[in-house]
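Since the structure comes first, as C-alpha cells, the remarks are kept for the end.
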Amino acid sequence: MPRETSARKSPRREAANGVEKPARVATKTPVEPPAPARYEHLDPIQLFTLLPIRVYQHIADIGAGQGYLTLPLAKYAYDGKVIAIDAQQSSLDVIKERVAQARLSNVAVLQSKDGKIPLQDASVDGVVMSPVLHESKQPVALLKEVGRVLKADGWITAIEWVKSSGADGPSPEQLIPRPQAVKLAQEAGLRIIAQRDLNSYFYFVLLKKNKGSS
C-alpha cells in the first residue's frame, strides 16, 4: 500500500502558492525616562503615606518632569485625576507616551507658561511640588499661584532638598532649608500642617490654605 504523503508544505512552497505568512509584530520598547539622581532617594509610596491623598481626588503634579511621580499618583488616585504640569513640552510628551503604555486613563498634561498654572481657581484637591520651589525666581508668587488653584480644604506638599546629590541636584546656593520653606509658605498665606525629613536628601512640608481664604 503506498505511503500517505504529508499535507504539510514547506515555507517556500507556501510562498510560491500565494499563501501569506503571518506578519511579524514589531514590539515597541517602553518609554522609560532616565533615572535622575534626584529621585534615587525619593520613594513615592513612602511619600504618599504621609499625605492626605484620597483615591477620588484631583491632584496637580507641578513641575512633573518626565512623570516620576505622575504615574504612581495616577495609580494611587485611581478614581480621581492627575494633572501633570510642566514648562517643558518635551517632558510632557514623554509623560503622554508613558501614560499610554501604562494604559492609564486618569492623567492630563498641561504646559505652564510665565509662572502661571493653567488651571481654574479652586479646581484641585491636592498639589505635589517635587522639587521645584528652589528653581523658582519668585517662590512666594509660585506658592500663591498654587494656592489659587487649590480648593479651600485642599493640601499642598512641597518636597525639597536637604542636600544635593551631585551634578543632578541644585548647587548649595540654590538649596532652600526647611525653615526658609516654611517662611516662604507663610508669606504666601499658607499654614503648616506637617514637616519632616524624608531621608538625608529630601524633606517635605505639608501645607493648607489659611482658614477663611478663598
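Every condition in (1) over 17 Å from Gln46 (Cα atoms); (2) in contact with a Pro (Cβ under 8 Å, 6 or more places away or on another chain); (3) outside any helix (DSSP H, G or I) holds for Glu160 except the one numbered (1).
Test Ala108 against the criterion of being part of a strand (DSSP E or B), farther than 15 Å from Lys208 by Cα and among the hydrophobic types (A, V, I, L, M, F, W, C), and give yes or no.
Details: part of a strand (DSSP E or B): yes; farther than 15 Å from Lys208 by Cα: yes; among the hydrophobic types (A, V, I, L, M, F, W, C): yes.
Criteria met by Ala108.
Got a number for residues in the stretch 40-83 being assigned to a strand (DSSP E or B) and either among the charged types (D, E, K, R) or over 25 Å from Arg196 (Cα atoms) (or both)?
Step one: list which residues in the stretch 40-83 are assigned to a strand (DSSP E or B), which gives 58-62, 81-83.
Next, only the ones that are either among the charged types (D, E, K, R) or over 25 Å from Arg196 (Cα atoms) (or both) stay: 61, 81, 83.
Residues meeting the conditions: 3.
Checked against (1) assigned to a loop (DSSP other than H, G, I, E, B); (2) at pLDDT 95 or above; (3) touching a strand residue (DSSP E or B) at 6+ places or on another chain (Cβ under 7 Å); (4) not aromatic (Phe, Trp, Tyr), Gln120 meets all criteria but (3). Remark: pairs (first residue in the stretch 118-136, free of Cβ contacts under 8 Å to residues at least 60 places away in the same chain; second residue among the β-branched types (Val, Ile, Thr) and in a loop (DSSP other than H, G, I, E, B); Cβ separation under 9 Å; 6+ apart in sequence or on different chains) = Leu133/Ile176; His134/Ile176.
Could you look through the stretch 125-141, keep only residues that are part of a helix (DSSP H, G or I) and among the aliphatic types (A, V, I, L, M), and pick out the one that is nearest to Tyr68 (Cα to Cα)? Write out each step before concluding.
First, pick out the residues of the stretch 125-141 that are part of a helix (DSSP H, G or I): 133-135, 139-141.
Of the ones still in play, those that are also among the aliphatic types (A, V, I, L, M) are 133, 140-141.
On the way: Leu133: 17, Val140: 25, Ala141: 25 Å.
Looking at the filtered set, the residue picked out is Leu133.
Note on the stretch 144-159: residues that are free of Cβ contacts under 8 Å to residues at least 60 places away in the same chain and over 19 Å from Thr70 (Cβ atoms) amount to 5. Considering only residues in the stretch 166-214 that are in a helix (DSSP H, G or I) and aliphatic (A, V, I, L, M), the one that is surrounded by the fewest Cβ atoms within 10 Å (Cβ to Cβ) turns out to be Val182. The numbered conditions (1) modelled with pLDDT of 95 or more; (2) of a type in the set (A, V, I, L, M); (3) not in a helix (DSSP H, G or I) are all true for Ala100 except (3).
The values are calculated or read from the model by the stated rules, or taken from the named source; none is laboratory data. Because the structure is a prediction, the values reported are computed rather than measured. Methodologically, a virtual Cβ is constructed for each residue, glycine included, from the backbone with ideal geometry; neighbour enumeration extends over all protein chains shown.
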